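The structure appears right after this line, and notes come after that.
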Amino acid sequence: MTVTDAPRIVTRRLRRPQSWTLASYLEDGGYDGLRKALSMSPEEVHDAVNVANILGRGGAGFEAGRKWGMLAKSTPVYLAINGDESEPATFKDHALIEADPHQLIEGALICAYAVRADQVFLYVRGEFPLGIERLQAALNEAYAYGAVGRDILGSGWSIDIVVHPGAGAYICGEETALLESLEGKRGYPRIKPPYFPAAVGLYGAPTIVNNVETVSNLPWVMLNGAAAFAALGEGRSKGTKVLALSGHVKRPGNYELEFAKASFRDLIYDPALGGGIREDRELKAFIPGGASSPWLGPERLDVLLANEKIAEVGTMAGSGAVTVMDEDTCVVRAAWRIVRFFHRESCGQCTPCREGGGWVEKILQRIENGQGRETDLELLLDVCDNISPGVTWPPAQTTICVLGPSIPPAPAAAITMFRDEFLIHIREGRCPFPPDRLPRSVTRV
Amino acid sequence: MARLTPHNEQRARDLIAVYPHPRSALIPLLHLLQEQDGYLSADGMEHVGELVGLEAAEVRGTASFYDMFHTEPVGKYLVAVCTNIACLLQGAYELLGHAEERLGVAPGGTTPDGLFTLEDSECLALCGNAPCLTVNWRFFGDVDRERFDEIVRRLAAGELDGEIPPHGTLARVRRTVGVPAAGASVHGAGGPDPAYVPAPPAESAEPGAPADGVADGVDLDTHATTPAVASLDGPGEPS
């Protein structure tokens, strides 16, 4: 058995012609998972999801069923699906929304039924207009089919779903910022506690926020049973995960793999997956779980793709975005670009994040430009320490949300793993990798 | 520029009606305003505020937080070149440098003919086809210099008008079901305003305005993003 043999739970329809239409979805058992759920009580559906042990696929990896169980006992209850996918190098939800919107709608309906929600909002990143169009078209079809709206599939249960576009803000992927945005406000993360929107969410009402991929698993779980889902993977990591592979591999793309059965080596080098490094160069480092995660080196290639296995080596599975950097990668430039992102996307509420991110970006930029100083490495780590004390993993937090603590991992990993490369930049007064300079528009501070 | 036209004001009321609280419709309404004028005018934002019960300053407070909203006019085509990590590794800055040269503007700038605004963008979530860019948020993957020039040429010649509407139009597919569906479920939250009367679906207040539902000429089969999906079974054909 090879690592690619496990069932594809959420991606199997993505390449079908017109995969986003109701006709295509119904050919493959579409909305049968919902029918199954509606034949059960909401509690039974919730129990099944607990047995399946679906970890949240958005980045934090919190059990979906456990989250649902934390709902405050009051009404109304809202469900918001987080489709604001913006973590750099993550592009799995983008594909799921555009190519299989009915699966998302069906998953959201099953979730809404289980948690007895009163209304569902599908919050989709504003930069995905094709996804928004296909999702709205699918929703119109689903209403006409009777799967959404009043008396769903003759069950007597009714619910409304609203497709809600974002407008360009990474921070709105943070669940409390998403709710603020859904209330028509600036996307400022809320002060915790309360920690969970399940207690205080949209308009102060109990609210569940689940990721697109998370709920896209639910139709399969209903149809095939929680036990079949839980039989895949190991430990806490059950089922499959869509890995978004990018960077210097021959075959970048989305690959759905069973948890804990494949390693990073399989993902990057298997001919049916990443296919190896471009031009068969050497691997320098890889980012295992999105831009917020600490990097790993080639010595970690045999770590299995499972949340707890990846956590054991001091980083995280995160959103499932794996970015590969070959031997010709300038790590100063790579770390600088990641920090630049977090600085640009900081909402500005907390000083360590708003100011610290800018300073780390500027220092990395001057090193890359050949104007760095030997003291800059300690200075960088000192600023990082002020953002996230100790610069440890998991990171300590001085800010309202985890965007701030997401700033240090890339520069800290780059300095730890490649200190000599930073020193070459500083001592030679130039970047040793081509091209020497970034476009002038970018290097202006 | 202007306040919302009567037709768009009705669309705004339809949007407001599906939410438990009017303010939740603010971002969709700002997209609608941006679709009408290409950017957010002061008069337009004031009008939107009137519709949801907010001061103009509160509307601007929300609008200014989000990168997609522009309070000054931009080009007909907003060309966003991703330079984040996955694209950086595939030569995004060389591509951006080429774009600056080809269009003759730096990021944030608009060409004198008002056709193109260039942006140095954050991750656009098409990392399997890096480097990538979007034009009015419609995707192009695996972009090299030649392909960039070809995209610009075709845009200028109007050859992509069917796929890429002018800046500001977010989604051309509209909700065809109105408040009645919501009314069944939004108990506890007060439900929709009982005095609200949804617009008849197919009626257009202005000649030439698209009917509700799928607007004319929308092709949901567009090439744009499937490469990210295609790599599931092997490398996709370059689009």
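Every read-out reported here was derived from the displayed coordinates using simple, explicitly stated rules and does not represent laboratory data. Please read these numbers as outputs of a predicted model, since none were measured by experiment. Quick reminder, even Gly has a Cβ in these numbers, built from the backbone with ideal geometry, and neighbours come from all protein chains shown.
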Acute angle (nearest 10 degrees) that the helix A:419-428 long axis makes with the longest principal axis of chain A, alpha-carbon atoms | 50
Enumerate the aspartates and glutamates that A:LYS250 could reach by cross-link, defined here as Cα to Cα under 18 Å, with residues fewer than 8 away along the same chain left out.
-> A:ASP266, A:ASP270, A:GLU279, A:ASP280, A:GLU282, A:ASP326, A:GLU327, A:ASP328, B:ASP142, B:ASP144, B:ASP233, B:GLU237
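Antiparallel as a % of all DSSP beta bridges within the protein assembly as shown, to the nearest 5? Working shown, then result.
Values: 25 of 52 bridges.
Of those bridges, close to 50 percent are antiparallel.
In whole Å and largest first, what semi-axes does the C-alpha gyration tensor of the protein assembly as shown yield when each eigenvalue is scaled by 5 and square-rooted?
Numbers: eigenvalues 273, 184, 116 Å².
So the equivalent ellipsoid measures 37, 30, 24 Å along its semi-axes.
Could you work out, residue by residue across A:185-194, how many beta carbons of other chains sit within 10 Å of that residue's beta carbon, and then give the average as an integer? Show your work: numbers first, answer last.
Numbers: counts 8, 6, 4, 1, 0, 0, 0, 0, 0, 0.
Other-chain Cβ atoms within 10 Å of each residue's Cβ, averaged: 2.
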Per residue of chain A, what 222 nm ellipticity follows from adding -39500 (n - 2.57) for every DSSP H run with n ≥ 4, rounded to the nearest 500?
-> -11000 deg cm²/dmol
Rounded tilt (10° steps) of A:351-368 against the dominant C-alpha axis of chain A | 50
Using only the alpha-carbon atoms of the range A:1-112, report the extent along each of the three principal axes, biggest first, to the nearest angstrom.
-> 43, 36, 33
Computed over the Cα atoms of the range A:233-326, what is the ratio Rg over Rh, Rh following Kirkwood?
-> 0.93
By what distance, in whole Å, do the Cα atoms of the range A:64-112 stretch along each of the three principal axes, largest value first?
-> 37, 24, 17
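If you take the C-alpha gyration tensor of the range A:274-389, multiply each eigenvalue by 5 and take the square root, what semi-axes do you get, largest first, in whole Å? Spell out each step's value before the answer.
Details: eigenvalues 140, 71, 31 Å².
Result for the range A:274-389: semi-axes of 27, 19, 12 Å.
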Relative contact order of the range A:1-89 (C-alpha contacts under 8 Å, at least 6 apart) in percent is 12
Per 5 Å bin from zero, what fraction in whole % of the C-alpha pairs of the range A:22-230 is there, up to the bin with the longest pair?
-> 1, 8, 17, 22, 22, 17, 10, 3, 0, 0
The lysines whose Cα lies under 25 Å from the Cα of A:LYS36, excluding any fewer than 8 residues away in the same chain, are A:LYS67, A:LYS238, A:LYS241
Quick one: plug the Kirkwood hydrodynamic radius of the range A:331-443 (C-alpha pairs) into Stokes-Einstein at 20 °C, 1.002 mPa s, and report D in µm²/s.
-> 154
When each of A:LYS73/A:LYS192; A:LYS92/A:LYS261; A:LYS92/A:LYS185 is checked by Cα-Cα distance, pairs over 22 Å = A:LYS92/A:LYS185
